[in-house]
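To start, the structure itself, in structure tokens.
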Amino acid sequence: MSHSPDKILITGASGFVGRLLARAEMERGNTVIGIHDPQESPDLPFESKGVDIRDKKTLQDFITPLKPQRVYHLAAISSVRMCEENPSLCFGVNVTGTLNLLDALSKLDERPRVLFTSSCEVYGNVDPSRQPVREDHPPAPINIYGLSKLLGEEVCHYYNYIGGPRSDSENSSGVIITRGFNHTGPGQKESFVFPYVASTLAKIEKGDAEPVLKMGNLSVRRDVLDARDVVRAYMMAADKAEPGSTYNVTSGRCISIEECVRMLVEISGLDVKITQEQSRMRPYDIPQLSGDASRIGKDLGWRAEITLEQTMKDLLSYWRAKEGVS
């Protein structure tokens, strides 16, 4: 017997990972409906509605007739800098928006499975001797974004508590939490560090920019993985994870920003000067953070598959194409 398509709701559907996730779900035959920022008019190959998730009534009115079987909650203010500059906006979207969504879903006759995308920023400044950090490490965020994601997790725990989670069938409902570590890839906005470098290199190659990369703190060490691997992790968690579970989504490799930047420069073949500028330094940056992926590997069989080198090659190719560089 063939499986009938699931109706999938993706919040933040017009974002970098949201688009990749929507494409992957449609490729396996599911029906995708998105929610995007009402201030945007994205060109998407699936139905999506502009809804401010801070508006409880509007969100409820959209959710009630939709009745999704599965929900990926990606909508968030994800820029650490933007969250520091506008905490009210950050908490409004990342915390109140999550509360509004789960409240609307809890009122459906059949509650869907929900994946909440949290962040490694909830861990805060973990001593290197305690890294790679595991999911049971006490969270202690040191920036507004990390705090907002931790509060979002608490909202998820609350709704799991009052509504289950129910696991009486293979389609058990409830909320699953993923803590994503730094990810990048083709399609990410150039306001993030690696797309900024790749886009600048493409402009330099085209002759539209001076051969200089103006950077912030290059010594920061991060666990970097490909967004396409992240999408696989989200789908596997939504498919198989026990509601109430929390998983790190991490590559298990820790590398400095400088090493990644130099990798991109080497791939480009350009002679480029790399400088650090005080104005680009962020006092709320965590010096080093790497994650342990053993739980998601054991429970779901997931691991990062795309090499960092391939990710950087694909990222540079994407920006070369955008800039018209052959």
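What follows is calculated from the coordinates using simple rules that are stated; it is not laboratory data. None of these values were measured; they are calculated from a predicted model. We place every Cβ from the backbone using ideal geometry, glycine too, and count neighbours over all the protein chains shown.
When the square roots of the Cα gyration tensor eigenvalues are ordered a ≥ b ≥ c, the ratio a/c for segment 268-326 is 1.5 or more and a/b does not exceed b/c, which makes its shape oblate.
The mean sequence separation of alpha-carbon pairs under 8 Å and at least six residues apart, normalised by the residue count of segment 31-107, gives a relative contact order of 31 percent.
What share of Cα pairs, in percent, lie more than 17 angstrom apart in segment 225-281?
I get 60 percent for the Cα pairs in segment 225-281 exceeding 17 Å.
Farthest towards the positive end of the charge dipole of segment 129-232, among the residues Asn160, Ala202, Ile142, is the Cα of Ala202, using unit charges on the Cβ of Lys, Arg, Asp and Glu. Using every pair of distinct Cα positions in segment 182-258, the Kirkwood expression returns a hydrodynamic radius of 14.7 angstrom. Counting Lys +1, Arg +1, Asp -1, Glu -1, what net charge surrounds Ala241 among other residues with beta carbon under 11 Å of its beta carbon? Once positives and negatives cancel, what remains is 0. The charge dipole of segment 147-244, taken about its Cα centre with unit charges on the Cβ atoms of Lys, Arg (+1), Asp and Glu (-1) only, comes to about 280 debye. For the chain, the cysteines with no partner cysteine C-beta closer than 4.7 Å are Cys120, Cys156, Cys254, Cys260. Shown in residue order for segment 8-17 are the 3J(HN,Hα) couplings computed by the Karplus curve 6.51 cos²θ - 1.76 cosθ + 1.60 at θ = phi - 60°: 10, 9, 10, 8, x, 5, 8, x, 3, 6 Hz (x for Gly and Pro). Remark: segment 1-99 is approximated by an ellipsoid whose semi-axes, taken from the C-alpha gyration tensor as √(5λ), come to 25, 15, 11 Å, largest first. Across all Cα pairs in segment 133-224, the calculated P(r) in 10 Å bins from zero up to the longest distance comes to 12, 28, 26, 19, 11, 4, 0 percent per bin. If you take all other residues with their beta carbon under 12 Å from the beta carbon of Val224, and give Lys and Arg +1 and Asp and Glu -1, the sum is -2. The string of couplings for segment 156-163 from the Karplus curve (6.51, -1.76, 1.60, θ = phi - 60°) is 4, 4, 4, 5, 5, 5, 7, x Hz, one whole number per residue in order, with x for Gly and Pro.
Largest mean-square fluctuation among Glu259, Glu40, Glu190, in a Gaussian network model of the chain whose springs join Cα atoms under 10 Å apart, belongs to Glu40. As a ratio to 2.2 N^0.38 Å, the alpha-carbon radius of gyration for segment 42-126 is 1.20.
Could you list the square roots of 5 times each eigenvalue of the Cα gyration tensor of segment 208-325, that is, the equivalent ellipsoid semi-axes, sorted largest first and rounded to whole Å?
Details: eigenvalues 199, 68, 26 Å².
So the three semi-axes of segment 208-325 are 32, 18, 11 Å.
Among DSSP beta bridges lying fully in the chain, give the percent that are antiparallel, nearest 5. Write down the numbers at each step before the final one.
On the way: 3 of 40 bridges.
Of all bridge pairs located within the chain, approximately 10 percent are antiparallel.
Expressed as a fraction of 2.2 N^0.38 Å, the C-alpha radius of gyration for the chain is 1.00.
Using a cut-off of 10 Å between beta-carbons, work out the net charge of the residues near Ile142 (Lys and Arg +1, Asp and Glu -1, Ile142 not included). Don't jump to the answer; show the numbers that get you there.
Details: positive: none; negative: Glu121, Asp285.
Surrounding charge for Ile142 is -2.
Taking only the alpha-carbon positions of segment 54-183 and ignoring solvent, what does the Debye formula give for the base-10 log of I(q)/I(0) at q = 0.15, 0.21 Å⁻¹? Listed by q, the Debye log ratios stand at -0.73, -1.22.
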